[in-house]
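Novice: This structure is in C-alpha cells; I'll ask about it shortly.
The values are calculated or read from the model by the stated rules, or taken from the named source; none is laboratory data. Just so it is clear, the structure is predicted and the values come from calculations on it, not from any experiment. Using ideal geometry, Cβ is built from the backbone for each residue, glycine included, and neighbour counts are taken over all protein chains shown. Heavy atoms of the whole protein, side chains included, go into the accessibility calculation; ligands, DNA and RNA do not. Shrake-Rupley method; radii C 1.70, N 1.55, O 1.52, S 1.80 Å.
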Amino acid sequence: MVGEIILVVLIIIGIVGRASILATAASFLLILKLLSLQRFFPTLERRGLELGLLFLMISVLVPLVNGKVATKDLLSAFVSVGGVCAIIGGILATYLNGQGLYMLKMDPELMMGLVIGTVLGIVFLKGIPVGPLMAAAIAAILMKLYQYIFR
C-alpha cells in the first residue's frame with residue numbers, strides 16, 4: 001500500500017510541477033500495480049533504462065535522417081571550437097553517466113532523492129528534467145568530492 005501512495009504523491013507532484021514524464025511514469029507503474037502486473041517490474045527495472053536511452057538516442061538521430069542536418073554541418077563538428085567542445089562534452093557526459101549508473105546499482109535507494117531533487121529543480125528553478133542518469137552522475141561526483149574532503 002505504501003508503494004501506491006508514493007506513486008500517487010509522485011503523480012501529483014509531477015502534475016503540479018509540470019513534470020509530465022514523472023507523472024506519466026508514476027501513472028504507468030501505478031496501473032501495472034493495480035492490475036497485478038508486478039511480474040513486469042523486474043524486466044522494467046533491468047531493461048527500462050536501456051529502452052529509455054534507446055528512444056533518447058533515436059530522437060537525437062532523427063535530424064540526421066530527415067535531412068535537417070547537412071553533411072557539411074557534421075564535418076564542422078570536428079573542426080569548429082563549438083564542435084570540439086560538443087565532442088568533449090559528449091565524452092565527459094557518457095563517462096559521468098556511467099559513474100551515475102554504477103552509483104544507482106550500488107545504492108538504488110538514492111533514486112528517490114534524485115526524483116525529489118529533480119522535482120524541486122523543475123518547480124523552483126524552472127529546470128528541465130533530462131532524466132535520472134545525469135542527476136545520478138552529478139550525485140556521484142558530489143559523493144566522491146565529499147569522500148575526498150571529509151575522509
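Novice: Output the residue which, of all residues in the range 99-130 that are farther than 20 Å from Val16 by Cβ and in contact (Cβ under 8 Å) with a residue 12 or more places away in the chain, is most open to solvent (accessible area, probe 1.4 Å).
Specialist: Checked the range 99-130; the qualifying residue most open to solvent (accessible area, probe 1.4 Å) is Tyr102.
Novice: Oh, and also: Do the conditions hold for Phe78, that is, is it modelled with pLDDT under 90, farther than 26 Å from Met143 by Cβ and among the aromatic types (Phe, Trp, Tyr)?
Specialist: So Phe78 fits the description; yes.
Novice: Hey, could you check the range 15-56 for residues that are closer than 22 Å to Glu109 by Cβ and open to solvent by 90 Å² or more (accessible area, probe 1.4 Å) and say which is modelled with the highest pLDDT?
Specialist: Checking each candidate, the answer is Phe28.
Novice: While we're on this one: Which ones in the range 68-97 are out of contact with any helix residue (DSSP H, G or I) (no Cβ under 8 Å at 6 or more places or on another chain) and open to solvent by less than 60 Å² (accessible area, probe 1.4 Å)?
Specialist: Listed by number, the residues that qualify are Ala70, Ser80, Gly82, Gly89, Gly90.
Novice: Given the condition at pLDDT below 80, under 15 Å from the mean Cα position of the chain (by Cα), closer than 27 Å to Glu4 by Cα and of a type outside the set (Ser, Thr, Tyr), answer yes or no: does some residue in the range 136-143 qualify?
Specialist: Taking every residue of the range 136-143 in turn, none turns out to be at pLDDT below 80, under 15 Å from the mean Cα position of the chain (by Cα), closer than 27 Å to Glu4 by Cα and of a type outside the set (Ser, Thr, Tyr).
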